[in-house]
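Undergrad: I have a structure I would like to understand better, so I am pasting it below and will then ask my questions one at a time.
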Amino acid sequence: MFVSLDNPNQKGAIAELKVATAATCLGVPVLRPMTEHGRYDLAFEVGGRVLRVQCKWAGVRGGVVVVNLRTSYLTKTREVRAAYGADEIDAVAAYCEDLDRCYLLPIELVQDMRAIHLRLHPPRNGQRAALHWAADYELPGAIAQLGERRAGSAKAVGSSPTSSTQDNRRETVVGAHEVRNRFGWYLERAAAGEDIRVTRRGRPYVRLTPDSSHARAHRPPGGVALTSDSPTPPA
């Protein structure tokens, strides 16, 4: 199949169809808004929740899958270019024609970003930190992880008394691999008042919380306390 590079509308339509087909083949119920030009193109029913999904066309350049995340729309006076936020969508799905593969990126990873690069091969300089591997976000595995995370978050909220989350702070559950890649960003979110619960191999591992006089842990710079959720960390 060949799609003209100067026809973004056609590429977007094909990406949406490819993503919808791939998700349907995985057994995911797929919904579509009845009106056009919304902030999300599809909705997936995953883990008991309906997730708003924006679809994008992606290409391969220099060993990475490039997903452009900026969007533009017209107002009465001008064209506005904007990124996506958590109040608008829950995930970005991308179709890469070069690889004939679909990827799913949670909004926590891509919000307010202009683009993201998903690496296909290790870089020549040996760098490992702060990289996003394309294999980690392929649609089948990403949907499974997203469903587990949503279900885990619901169980955590449902089983914990209100007093267990001080001041009713928002809690986010993420995997250790994601935190390792974007540690600085999660550190800033924790310093701003958000609880970041980190899992490793599906089990609670550590928690990033805003620093306070009651924290019983080592306190790194930046107003964040690091506590352990696991008495015996997995090997």
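Undergrad: Which one of these is in contact with a strand residue (DSSP E or B) (Cβ under 7 Å, 6 or more places away or on another chain) and farther than 21 Å from residue 139 by Cβ: 80, 60, 64?
TA: Just one listed residue meets the conditions, 80.
Undergrad: Could you say whether any residue in the range 39-47 is in contact with a strand residue (DSSP E or B) (Cβ under 9 Å, 6 or more places away or on another chain), buried (at least 21 other Cβ atoms within 10 Å of the Cβ), among the acidic types (Asp, Glu) and not assigned by TED's automatic domain parsing to the domain that holds residue 183?
TA: Yes, the range 39-47 contains at least one residue that is in contact with a strand residue (DSSP E or B) (Cβ under 9 Å, 6 or more places away or on another chain), buried (at least 21 other Cβ atoms within 10 Å of the Cβ), among the acidic types (Asp, Glu) and not assigned by TED's automatic domain parsing to the domain that holds residue 183.
Undergrad: Within the range 186-210, take every residue that is hydroxyl-bearing (Ser, Thr, Tyr) and under 22 Å from residue 145 (Cα atoms) and give me the one that is surrounded by the fewest Cβ atoms within 10 Å (Cβ to Cβ).
TA: 205
Undergrad: Going residue by residue through the range 68-84, is there one that turns out to be in contact (Cβ under 8 Å) with a residue 60 or more places away in the chain and either surrounded by 11 or more Cβ atoms within 10 Å (Cβ to Cβ) or under 29 Å from residue 119 (Cα atoms) (or both)?
TA: no
Undergrad: Separate question: Can you name the residue in the range 93-140 that is small (Gly, Ala, Ser) and under 16 Å from residue 53 (Cβ atoms) and is also surrounded by the most Cβ atoms within 10 Å (Cβ to Cβ) among such residues?
TA: For the range 93-140, the residue satisfying everything is 93.
Undergrad: Okay, next question. Considering only residues that are modelled with pLDDT under 85 and either among the polar types (S, T, N, Q) or outside the structural domain of residue 62 (by TED's automatic domain parsing) (or both), which ones fall in the range 105-142?
TA: Residues satisfying the conditions are 125, 127.
Undergrad: If you go through the range 31-53 one residue at a time, do you hit one that is more than 19 Å from residue 85 (Cα to Cα), aliphatic (A, V, I, L, M) and modelled with pLDDT of 95 or more?
TA: yes
The values are calculated or read from the model by the stated rules, or taken from the named source; none is laboratory data. Owing to the predicted nature of the structure, the values given are computational and were not obtained by experimental measurement. Because the Cβ atoms are built from the backbone with ideal geometry, glycine has one as well, and the counts that use them run over all protein chains shown.
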